[in-house]
Amino acid sequence: MNLWMPLMLSNLASNVNSDASTSARYSTLPYLLAALFTMLIGWSADRSNERSGHVAGCMVFVAAAFAWAAMAHSVGVALLAFSLAAIGLWGTLGPFWVLLTRAALLVGVALP
């Protein structure tokens with residue numbers, strides 16, 4: 001995400017004669033949306049008390065979004081695809097770490 005998104009956006013933006021600062025501004029949108037949706041996905045996982053489905057769903061979402069970004073031929077489509085990929089990628093982190101914490105707690109309780 002951090003490596004390919006700016007490169008792909010700048011290559012697509014060069015086809016429309018825009019400068020580097022425009023593609024840098026485009027690159028901030030996926031991260032802003034990911035920050036918002038990370039909180040929403042975490043809230044949903046906490047409310048439903050179901051984390052593994054949220055993690056798996058986000059990972060499928062990321063894979064589909066990256067495949068869509070690879071086929072994009074315009075800046076708008078690539079930006080939308082990378083925004084969806086960022087939402088899924090960073091939205092996974094909250095429920096994922098809760099799953100690991102609970103697994104470590106279960107192992108710690110079972111060992112003594």
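Taken together, the values in this text are just the output of simple stated rules run on the coordinates, not laboratory data. The shown structure was predicted, so the numbers you read here are calculated from the model rather than taken from an experiment. Backbone-built Cβ (ideal geometry, glycine too); neighbour counts: all protein chains shown.
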Practice prompt. Answer yes if at least one residue in the stretch 1-18 is surrounded by fewer than 11 Cβ atoms within 10 Å (Cβ to Cβ), farther than 26 Å from W97 by Cα and small (G, A, S), and no otherwise.
Written response: no
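How about the stretch 52-83: which of its residues are among the aromatic types (F, W, Y) and in contact with a Pro (Cβ under 8 Å, 6 or more places away or on another chain)?
Of all residues in the stretch 52-83, those among the aromatic types (F, W, Y) come to 61, 66, 68, 82.
Once the filter is applied, which keeps residues that are among the aromatic types (F, W, Y) and in contact with a Pro (Cβ under 8 Å, 6 or more places away or on another chain), the stretch 52-83 yields only F82.
Please find, within the stretch 25-38, the residue that is surrounded by the fewest Cβ atoms within 10 Å (Cβ to Cβ) out of those that are under 13 Å from A86 (Cα atoms) and out of contact with any helix residue (DSSP H, G or I) (no Cβ under 8 Å at 6 or more places or on another chain). First the steps, then the outcome.
First pass over the stretch 25-38, keeping only residues under 13 Å from A86 (Cα atoms): 27-38.
Applying the additional criterion that residues be out of contact with any helix residue (DSSP H, G or I) (no Cβ under 8 Å at 6 or more places or on another chain) yields 28, 32, 36.
Values: T28: 9, L32: 11, L36: 11.
Checked the stretch 25-38; the qualifying residue surrounded by the fewest Cβ atoms within 10 Å (Cβ to Cβ) is T28.
A quick yes/no check of all residues on (1) touching a residue at least 12 places away in the same chain (Cβ under 8 Å); (2) within 11 Å of the chain's Cα centre (by Cα); (3) closer than 23 Å to T101 by Cβ:
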position: S27; (1), (2), (3): yes, no, no
position: A56; (1), (2), (3): no, no, yes
position: A67; (1), (2), (3): no, no, no
position: V77; (1), (2), (3): no, no, no
position: A86; (1), (2), (3): yes, yes, no
